Amino acid sequence: MSSVPAFSPTLTLRVYTLRSPEALVAYENIWSKHIPGMAKHRITTHGVWTVPATPGSEAPKLYALVSYRDADDVQERLQAYLSSPEFRADMEGFDINQIIGVAESVLTPTADSPLR
């Protein structure tokens, strides 16, 4: 019986901080378009979540959990998508200045994590 290596993707949590509640809604709609385009570039979207603005302080945020296969070069995959016609079409009409911050964390799953 041969041993098959476990799938171990590179998981990345991306956090986008938006300028306004309206920008959050617009960017949420863009992310729904990003998912199939990213898949063409071997980037899998596991989930997208929004957090509305907190009165008086916090800006609205969009969280996206994506993965890249271990054999893939993450930056190469991401740059291929960002320079693709799909990405340009998704972003058409959206003012990029509505994104006031982007944070990215590479996540390492624990031994018992379902996403391994």
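Looking across the range 80-92, the residues that are assigned to a helix (DSSP H, G or I) and either over 21 Å from SER32 (Cβ atoms) or without any contact (Cβ under 8 Å) to a residue 40 or more places away in the chain (or both) come down to ALA80, LEU82, PRO85, ARG88. The C-beta contact set for the range 93-112 (first residue β-branched (Val, Ile, Thr), second residue assigned to a helix (DSSP H, G or I) and surrounded by 10 or more Cβ atoms within 10 Å (Cβ to Cβ), distance under 9 angstrom, 6+ apart or interchain) comprises ILE99/ALA23; ILE99/TYR27; ILE100/ALA23; VAL106/VAL74.
From the set of residues in the range 59-103 that are surrounded by 12 or more Cβ atoms within 10 Å (Cβ to Cβ) and among the small types (Gly, Ala, Ser), which is farthest from the chain's Cα centre (by Cα)? Checking each candidate, the answer is ALA59. Take GLY56 and tell me if it is loosely packed, with under 11 Cβ neighbours inside 10 Å, in contact with a helix residue (DSSP H, G or I) (Cβ under 9 Å, 6 or more places away or on another chain) and part of a loop (DSSP other than H, G, I, E, B). Here the answer is no, as GLY56 does not meet what is asked. What are the residues in the range 71-81 that are within 19 Å of GLY47 (Cα to Cα) and not basic (Lys, Arg), if any? Matches in the range 71-81: VAL74, LEU78, TYR81. How many residues does the range 64-79 contain that are farther than 13 Å from HIS34 by Cα, of a type in the set (Gly, Ala, Ser) and modelled with pLDDT of 85 or more? Looking only at that region, the number is 1. Under the condition of being of a type outside the set (Lys, Arg) and more than 21 Å from ASN97 (Cα to Cα), the residues counted in the range 14-55 number 12. When the range 59-93 is filtered for residues that are over 18 Å from ILE30 (Cα atoms) and touching a helix residue (DSSP H, G or I) at 6+ places or on another chain (Cβ under 6 Å), only TYR68 remains. Taken as a whole, the condition of being in contact with a strand residue (DSSP E or B) (Cβ under 7 Å, 6 or more places away or on another chain), modelled with pLDDT of 95 or more and either surrounded by fewer than 16 Cβ atoms within 10 Å (Cβ to Cβ) or not in a helix (DSSP H, G or I) (or both) does not apply to TYR27. Only residues that are without any contact (Cβ under 8 Å) to a residue 24 or more places away in the chain and either over 16 Å from PHE87 (Cβ atoms) or surrounded by 15 or more Cβ atoms within 10 Å (Cβ to Cβ) (or both) were counted in the range 30-53, giving 6. If you check SER3 against the conditions, is it out of contact with any strand residue (DSSP E or B) (no Cβ under 6 Å at 6 or more places or on another chain), modelled with pLDDT under 85 and among the hydroxyl-bearing types (Ser, Thr, Tyr)? So SER3 passes the test.
The values are calculated or read from the model by the stated rules, or taken from the named source; none is laboratory data. Small disclaimer: the values here were computed from a predicted structure and weren't measured. Note that each Cβ is placed from the backbone with ideal geometry, even for glycine, and that neighbours are counted across all protein chains shown.
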